[in-house]
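Everything below concerns the one structure shown next.
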Amino acid sequence: MRKLAILCVLSACTAIAYGGQKEYVTGTMLSVVPSHSQTFYEGTSIDMYFYGYSVRVGNMIYSGACRERLFNGCDTNFVIGAPVQVRFDKSDMFLLRENGKELKLHVGRKQIIAP
């Protein structure tokens, strides 16, 4: 009985950890634009580098940003006008890279376009 209980707990943990297959939709990459901003923190000037991404899915254009970091860079190898696999989770957009990994972007703007 105890072995059965342990097996059920392990199965439940595995199901939660792997939660199912991620579902992507096909969109069109519209733009990848580098951006730069400067902020001040405790009297020190800090340069921040961003990339802005725009993706069209159906009649919506989603614009998201990725902040360039030391170990987690932004991917700029997307082809403008080419199809891209995209999924959404709350206010985040995930683009599927060529290597199979995801690029996480925070969606800053949604725009409806007329058909």
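Which residue is modelled with the highest pLDDT, if the candidates are limited to the stretch 1-60 and must be of a type in the set (Lys, Arg) and surrounded by 11 or more Cβ atoms within 10 Å (Cβ to Cβ)? Step through it out loud before you land on a result.
In the first step, residues of the stretch 1-60 are kept if they are of a type in the set (Lys, Arg); the result is 2-3, 22, 56.
Narrowing the set further to residues that are surrounded by 11 or more Cβ atoms within 10 Å (Cβ to Cβ) leaves 22, 56.
Numbers: Lys22: 86, Arg56: 97.
Out of the qualifying residues, it is Arg56.
Of all residues in the stretch 71-99, those that are among the hydroxyl-bearing types (Ser, Thr, Tyr) and in contact with a Phe, Trp or Tyr (Cβ under 8 Å, 6 or more places away or on another chain) total 1.
Which count do you get for residues in the stretch 44-93 that are part of a strand (DSSP E or B) and free of Cβ contacts under 8 Å to residues at least 12 places away in the same chain?
Taking the stretch 44-93 first, the residues part of a strand (DSSP E or B) are 44-57, 60-67, 83-89, 92-93.
Add one more test, that the residue is free of Cβ contacts under 8 Å to residues at least 12 places away in the same chain, and what stays is 44-47, 89.
Total meeting the criteria: 5.
Residues being of a type in the set (A, V, I, L, M, F, W, C), under 13 Å from the mean Cα position of the chain (by Cα) and either more than 22 Å from Gln111 (Cα to Cα) or loosely packed, with under 12 Cβ neighbours inside 10 Å (or both) are represented in the stretch 64-80 by at least one member. Looking across the stretch 33-55, not a single residue is touching a Gly at 6+ places or on another chain (Cβ under 6 Å) and of a type in the set (D, E, K, R).
Scan the stretch 94-115 residue by residue and report those that are assigned to a strand (DSSP E or B) and polar (S, T, N, Q). Passing the criteria: only Gln111.
Scanning the stretch 66-115 for residues that are within 18 Å of Lys22 (Cα to Cα) and touching a Cys at 6+ places or on another chain (Cβ under 6 Å) yields a single hit, Leu105.
The values are calculated or read from the model by the stated rules, or taken from the named source; none is laboratory data. Values in this document were obtained by computation on a predicted structure and should not be read as measured data. Because the Cβ atoms are built from the backbone with ideal geometry, glycine has one as well, and the counts that use them run over all protein chains shown.
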